[in-house]
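Written out below as structure tokens is the structure these notes cover.
The values are calculated or read from the model by the stated rules, or taken from the named source; none is laboratory data. Only a predicted model underlies this, so the values are computations on that prediction, with no experimental measurement involved. Positions of Cβ are generated from backbone atoms using ideal geometry, with glycine treated the same way; all protein chains shown enter the neighbour counts. All accessible areas refer to the heavy atoms of the entire protein, side chains included, with ligands and DNA or RNA removed. Shrake-Rupley method; radii C 1.70, N 1.55, O 1.52, S 1.80 Å.
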Amino acid sequence: MTELRFASDVLARIRATERRYDERAFLFVLASIEYLQSQLQVRRHVAGTEVAEACRQFALEHYGLRAQTVLAHWGVTRTEDFGRIVFTLVEAGILVRQPSDSEEDFAGVYRFDEAFEAGYVWQGVRGGGG
């Protein structure tokens with residue numbers, strides 16, 4: 001994911017409406033949506049809460065305990081930020097929304113400190129022998 005970049009015209013459309021977030025935050029959300037779609041049996045429209053949860057899972061898989069720090073470095077500190085990013089991508093013509101979709105769907109889905117620190121499941125090898 002770190003090698004992905006937007007074409008300059010696409011990035012210009014994004015920057016025309018939103019300058020708070022690093023470009024990597026937008027790429028991360030798109031990658032998280034694709035991650036979510038790959039787990040479904042059939043591709044479909046996904047709800048804001050599903051996207052927020054996919055972002056959490058994708059971040060933990062890729063960044064582990066650093067997930068919250070990486071996201072904060074990109075300007076993302078709450079699930080509402082994921083919503084703002086999604087709707088910026090809609091405004092830029094990259095994503096499509098349903099009439100019932102709103103940024104409020106992302107409000108308070110989880111707290112970052114709980115979701116990324118307290119909820120982290122260690123993936124390391126358990127030692128044997130002593």
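Please give the net charge around residue 111, taking every other residue with its beta carbon less than 12 angstrom from that of residue 111, where Lys and Arg add +1 and Asp and Glu add -1.
With Lys, Arg at +1 and Asp, Glu at -1, the neighbours total -2.
Dimensions of segment 33-87 along principal axes (Cα, Å, largest first)?
Ordered largest first, segment 33-87 gives principal extents of 33, 24, 13 Å.
Taking θ = phi - 60°, what integer Hz values does the Karplus form 6.51 cos²θ - 1.76 cosθ + 1.60 yield along segment 72-89, in sequence order, with x for Gly and Pro?
Karplus-based 3J(HN,Hα) across segment 72-89 equals 4, 4, 8, x, 9, 10, 8, 5, 4, 5, 4, x, 4, 5, 4, 6, 5, 5 Hz.
On the accessible surface of segment 36-125, probed at 1.4 Å, how many percent belong to carbon and sulfur atoms?
Exposed carbon and sulfur together represent 51 percent of the surface.
Can you work out ³J(HN,Hα) from phi for every residue in segment 110-116, in order, using Karplus 6.51 cos²θ - 1.76 cosθ + 1.60 and θ = phi - 60°, giving whole Hz and x for Gly and Pro?
Calculated HN-Hα couplings, in order: 7, 8, 4, 4, 6, 6, 9 Hz.
How much area per residue is accessible in segment 1-113 when the probe is 1.4 Å and only protein heavy atoms are counted (Å²)? Show your work: numbers first, answer last.
Values: 6220 Å² over 113 residues.
Result: 55 Å² per residue.
Sort segment 26-117 into rounded, prolate or oblate with this rule: let a ≥ b ≥ c be the square roots of the eigenvalues of the Cα gyration tensor; rounded if a/c is under 1.5, and if a/c is not under 1.5, prolate when a/b is larger than b/c, oblate otherwise.
prolate
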